[in-house]
Each structure stands twice: as C-alpha cells, then as structure tokens.
1. From the phi angles alone, apply the Karplus equation (6.51, -1.76, 1.60; θ = phi - 60°) to the range 66-74 and give each ³J(HN,Hα) in whole Hz, x where the residue is Gly or Pro.
2. Taking 0.36 nm per intervening residue step and subtracting the Cα-Cα distance, what contour gain separates N64 from N92 on full extension?
3. Give me the one-decimal nm value for the distance between modelled label points at T48 and K83, 7 Å along each residue's Cα-to-Cβ direction.
4. Counting residues in the range 34-84 as N, plug N into 2.2 N^0.38 Å and put the Cα Rg over that result.
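Read-outs throughout are calculated quantities, based only on the coordinates presented, and are distinct from any laboratory measurement. Quick caveat: nothing in here was measured; it's all calculated off a predicted structure. With ideal geometry, Cβ positions are generated from the backbone for all residues, glycine too; neighbour counts draw on all protein chains shown.
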Amino acid sequence: MRTGGVALFLLVLSFGLAVVAEADEPVLISASIPRYPPLARQARVQGTVKVTFTLGPRSAEPTNVQVVSGHKMLGPAAIENIKTWRFENGYNVERKYETTFDYRFGNTSVCFHSFGHIEVEEPEPLVIANP
C-alpha cells in the first residue's frame, strides 16, 4: 500500500512539474504585423528568411537577432519585425529561438503560427496605365 501511495505521489508531482514547465515557456504577447520590404516587392523577391534570437532570463524583449538564411533584401525587415515582439517570459535562463518568415505574393494576409513561423503575403501589384 505504501508503494502505491509513493507511486501516486510521484505521478502527481511529475504532472505538476510538467504543467509548471509548460507555463514557464515564453508567450508572445505583442508583435507588429510584418511588412513586405518595398524594394523587395518592387523587385518581385519572394522567399523564406530564417532568423534566430535570444530571450534572457525573464526578459520580454528579444536580443541578438540574426538572419541565419534568406534573401538579403528580406532579412532586415524580418529582423526589425522581431525587435517589436514582446514576450511574457517566466523562464529563468537565457534561451535561443529560431523562427521563419515566408515572404510571397498572393492574397493579403499575415499568419502567426506561434512564434515559430510567420507568413507575409503581399497582394499582386495592380497594373496602372498612367501612374
């Protein structure tokens, strides 16, 4: 009977620790809508930009934001966007994160999939006879 009680206690304790660990993960609470860089739009540049950033212990603002891969015309816009992000961060140690921005032409929409993947779509430009 005592072994069963210890096992139950350990099960409850492990479940409680899992819930606390999950609650400590940073939560994105504020972000600007990503913008398609005007020169990239004009040059019809599309692509994916992979970016890394660091969140310090209990820090709300990303630091050490760097482009890992992607078109050079799209990278600066992704970096500037991440610098606007704010987190609710209960994590007690510094952690590094990676996210991707997909820049493409299509319908007008921006999708945030957590802070792991961002889609930035720009509508097809209108053709105007006399600008």
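1. With the stated coefficients, the range 66-74 comes to 9, 7, 8, 7, x, 5, 5, 7, 9 Hz.
2. Here the segment from N64 to N92 would lengthen by 8.3 nm.
3. Roughly 2.6 nm, to one decimal.
4. Here the Cα radius of gyration is 1.24 times the empirical estimate.
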